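First the structure, in the form of structure tokens, and then the observations on it.
The values are calculated or read from the model by the stated rules, or taken from the named source; none is laboratory data. Nothing here was measured: the structure is a model prediction, and the numbers come from that model. Cβ placement follows ideal geometry from the backbone for every residue including glycine, while neighbour counts extend to all protein chains displayed.
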Amino acid sequence: MTDIQKQIEQLRRELHRHNHLYYSKAKPQISDQAYDRLLAQLAELEQAHPEFHSPTSPTARVGGEPIEGFVTVDHAVPMLSISNTYDQKELQAWHQRVLGGLELPTVDLFGQAEITYLAEPKIDGIAISLRYEQGKLVQALTRGDGQRGDDITAAAKTIRSIPLELISPSEGLPEILEVRGEVYMPNEEFDRINQQRQAMELDLFANPRNAAAGTLKLKNPKKVAQRQLKCFAHGLGLVKPNPYLCYADYLAAIKNMGLPVNEHVKPCKSIDEAWAFIESFEKIRVTLSYATDGVVVKVDDFAFQKMLGTTAKSPRWCIAYKYPAEQAKTTLTDITWQVGKGGSVTPVAELEPVFVAGTTVKRATLHNMDEIQRKDIRIGDRVIIEKAGEIIPQVVEVILAERADDSKATEAITACPSCQGPLHREEDEAAIRCGNPQCPAQICERLIWFAGRGQMNIDGLGDKVVRQLVDAGLLRTFGDIYTLHEHTESILKLERFAQTKLDNLLAGIEQSKQRGLAHVLAALGIRHVGSKAALLIARQYGNIEALAQATQEELANFEIDGRKSGIGNRIAQSLFEFLHDPTSGQRIIAQLQAQEVNLTEAMPAVADENLLLANKTVVITGSFENWDRHTLTEKLQALGAKVTSSVSKNTDLVVTGANPGSKLAKAQKLNLEIWDEPTFNSKLS
Ligand code: IVH
């Protein structure tokens, strides 16, 4: 080993150690400045000597290069959810089911059932799975649909409470250790970011959880690094070998390895003790620097967990008790009316700002006029509002004792607040509607919806920018979005519109052309046609021409794998009418076609049989000279492969780099096809 290499490795060890002291032991030995100096020293050496690069170097904390998109990867062990309870009785009932499932007596000699639970805070964040191989962090995945998640390794590496390398205890580290946990944004950081966003007139995050989710989805890890996300470990996926007999032992062990374990975890000898913890933690949780929404109670013994097993959705060995929504008193200063993309006009309570459940609430939905009348809500009233973690704030009731003598009942609105046109109420509907498709508010809302996440997902075209462009007369129809590049001069004259912002907007618009038919259908805001229906329809018909040929009956009755699609008449009629209306659907489609927006849908099930790795299951192991895991996974998937994380007899191919570990040995034992890095490179070309 050269002197330089020794120096680099020593610095890395030092920095890992200080990180551990700071984040898991809360006992820092050096100042932040001293830490940063060491880090800068290391960065300088690494830059001068790229031959000593390491993916788990502490310098990874500042964030690597931006990525293009997220690769989806299968979980080695599915990430399930937890079933919820809201009171003590339900918790007791669950306890009885646990005892029944384990065939344990409900009481022992001392009148207590012999089972140990662990109760721990339910962190209101984003689930993450961290995979360590030989103690090094090799992959971080989101929960996704539970079976497969997005690879967010680059983002996760910037989170300083997530160790990049584990500290090896005397008994050694498991070869593979998948730690499950929760990434969250501390309340203070959430406030800081929202203040910043407010100053920049960006949309605010609704709560710390959304902010954490939004941050993990950033494609530039350097930006993730600028937001101080944190993490708590609360579970396990694949652990090999697994020497732990119970969850408490596991938690103690990973804590020693440097992983962040919550300090409020409480072993309980009975369900009554667990309930006592739930009651006492209710007072503690409001003082914490992060959001929690309940307590998770888990059977401690791993053998018992195994015996209890799981349902399709959640393990039988754990349950989440959720605290009731938080309430607060405030004054309702006004009732305003909001026009939705389909013309529905809904009342909104404007409130004196009040802090509830981790955020400041200024507005609450009032749903509709019936609700206002039923609760007799009047302007100037003192009201009780309620907000649960992720739910929209609600007005629960008016404090009548505090009502002013001269207050007047709220009157129903008679004209559209945006276009002043007439409003009507459809039979069987609580909502009132503005029937004018040219209503400016509706135009804005439709465009915001079109560009939004889950629809065309146009980066740079959020609600503020849409409103700005509509006000400036540059945007009216969906098609106009795709001709904005012809108006760069006018756009640059708008307030807060510099060249980079414009470039990003135009790049976002260009990219959105390739979302495909399902996204377009969902984005058009056709009544009753949501993203799920849009996807089924797009896959069934493949392109807009075929879809336009379909009769209403066909749309309502087509089958998928011999079963009804579930689309039904209401959706079919609405879609059919849209597609055949020359003044709306047909005109919109023609405009999008003229701008080369992709109106076809790729069929997922039929993989391209001609690809080199079509239908092959591939596992990656070791580290690679020319590839990081993310890019390698992407390349393999582009070749048709399904990339999974553990070797079994169902594996077709193992791609191995340096220091491959046990997967290679297993692959050899199973006589599987193995490619080293040069072989892979030659196959690529
Ligand atoms: S245990 C099988 N423990 O809550 C799932 N989950 O609502 C076992 N969560 O997806 C998870 N705090 O991401 C567990 N202390 C905790 C937790 C926790 C938060 C999350 C977790 C899960 C979600 C379910």
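A few remarks follow.
- Pro121 modelled with pLDDT of 95 or more, touching a Phe, Trp or Tyr at 6+ places or on another chain (Cβ under 9 Å), of a type outside the set (A, V, I, L, M, F, W, C) and assigned to a loop (DSSP other than H, G, I, E, B): no
- Only one of the numbered conditions (1) more than 16 Å from the ligand (Cβ to nearest atom); (2) within 21 Å of the chain's Cα centre (by Cα); (3) among the polar types (S, T, N, Q) is not met by Ser81, and that is (1).
- Failed item, numbered, when Gly566 is tested on (1) assigned to a helix (DSSP H, G or I); (2) farther than 29 Å from Ala472 by Cα; (3) within 33 Å of the chain's Cα centre (by Cα): (1)
- Among residues of segment 316-328 being at pLDDT below 95 and part of a strand (DSSP E or B), the one that is nearest to the ligand (Cβ to nearest atom) is Lys322.
- Given (1) of a type in the set (A, V, I, L, M); (2) under 28 Å from Asp74 (Cβ atoms); (3) within 14 Å of the ligand (Cβ to nearest atom); (4) in a helix (DSSP H, G or I), number of the condition Ala274 does not satisfy: (2)
- Contact map, segment 582-599: residues that are of a type in the set (Gly, Ala, Ser) paired with residues that are surrounded by fewer than 14 Cβ atoms within 10 Å (Cβ to Cβ), Cβ distance under 9 Å, separation 6+ or inter-chain. Pairs shown: Ser584/Pro437.
- Of all the criteria given as (1) within 16 Å of the ligand (Cβ to nearest atom); (2) in a strand (DSSP E or B); (3) basic (Lys, Arg), the one not satisfied by Lys362 is (1).
- Against the list (1) more than 27 Å from the chain's Cα centre (by Cα); (2) surrounded by 18 or more Cβ atoms within 10 Å (Cβ to Cβ); (3) more than 16 Å from the ligand (Cβ to nearest atom), the condition Gly258 fails is (1).
- Only one of the numbered conditions (1) over 30 Å from Ser289 (Cβ atoms); (2) within 12 Å of the ligand (Cβ to nearest atom); (3) surrounded by 17 or more Cβ atoms within 10 Å (Cβ to Cβ) is not met by Glu46, and that is (2).
- Test: residue in segment 578-588 that is in a helix (DSSP H, G or I), surrounded by 15 or more Cβ atoms within 10 Å (Cβ to Cβ) and either of a type in the set (Asp, Glu) or in contact with a His (Cβ under 8 Å, 6 or more places away or on another chain) (or both): no
- The residue that is surrounded by the most Cβ atoms within 10 Å (Cβ to Cβ), counting only those in segment 355-389 that are of a type in the set (Gly, Ala, Ser) and at pLDDT 85 or above, is Ala364.
Yes or no, residue by residue, for (1) of a type in the set (S, T, N, Q); (2) closer than 28 Å to His20 by Cβ:
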{"position": "Asn207", "(1), (2)": "yes, no"}
{"position": "Ala211", "(1), (2)": "no, yes"}
{"position": "Gly214", "(1), (2)": "no, no"}
{"position": "Pro221", "(1), (2)": "no, yes"}
{"position": "Ala225", "(1), (2)": "no, yes"}
{"position": "Leu229", "(1), (2)": "no, yes"}
{"position": "Ala233", "(1), (2)": "no, yes"}
{"position": "Gly237", "(1), (2)": "no, yes"}
{"position": "Leu245", "(1), (2)": "no, yes"}
